[in-house]
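I have placed the structure first, in the form of structure tokens, so that the comments after it can refer back to it.
The values are calculated or read from the model by the stated rules, or taken from the named source; none is laboratory data. The structure presented is a predicted model; accordingly, all values stated were derived computationally and were not measured. So basically every Cβ, Gly included, is an ideal-geometry build from the backbone, and we count neighbours across all protein chains shown. The accessibility values were calculated without ligands, DNA or RNA, using every heavy atom of the protein model including side chains. Shrake-Rupley method; radii C 1.70, N 1.55, O 1.52, S 1.80 Å.
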Amino acid sequence: QVSVLYFARSAELAGLRCEALSVPREITSLQLWEEIVKVHPRLAVIRDQVVFAVRQEYVLLGDQLLVLQPGDEVAIIPPISGG
């Protein structure tokens with residue numbers, strides 16, 4: 001299980017700020033996103049703008065393999081607007 005943290009628009013779309021999800025230990029960042037979208041389909045609209053932070057390191061959606069440990073934090077960070 002990992003802790004998924006939702007910020008800004010992702011929190012609005014998911015309807016919560018954090019939750020624990022069971023995901024495979026080895027998973028690509030894109031597969032992890034797809035697992036989260038299965039639980040919260042409304043998040044699909046921000047797919048092209050979202051960035052993950054896994055253990056407080058930024059990860060782009062794609063083929064990068066993540067090796068997750070129980071209790072790891074995965075933050076969903078949507079684009080921040082402003083200047």
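One chain, two ends: ARG42 and GLU26. Fully extended at 0.36 nm per residue, the span grows by 3.3 nm beyond their Cα-Cα distance.
With the whole protein complex present, SER22 retains an accessible surface near 90 Å², based on a 1.4 Å probe.
When a 1.4 Å probe is rolled over the protein heavy atoms, the share of accessible surface on the chain that falls to carbon and sulfur comes to 51 percent. Only alpha carbons enter this Debye calculation for the chain, each as an equal point scatterer, and the log10 of I(q)/I(0) it gives at q = 0.22 Å⁻¹ is -1.04. With the simple model of a label 7 Å out from the Cα in the direction of the Cβ, ARG17 to GLN56 spans 1.9 nm.
Of the beta bridges in the chain, as assigned by DSSP with both residues counted there, near 80 percent are antiparallel. Seen from LEU61, the other residues with C-beta closer than 13 Å to its C-beta sum to a net charge of -3, counting Lys and Arg as +1 and Asp and Glu as -1. Counted by Cβ distance under 11 Å from GLN1, the other residues give a net charge of -1, where Lys and Arg count +1 and Asp and Glu count -1. With the gyration tensor restricted to C-alpha atoms of region 38-83, the semi-axes of the equivalent ellipsoid amount to 20, 14, 11 Å, longest first.
Positive contributions from Lys and Arg (+1) and negative ones from Asp and Glu (-1), summed over other residues with Cβ under 13 Å from the Cβ of GLU73, come out at -1.
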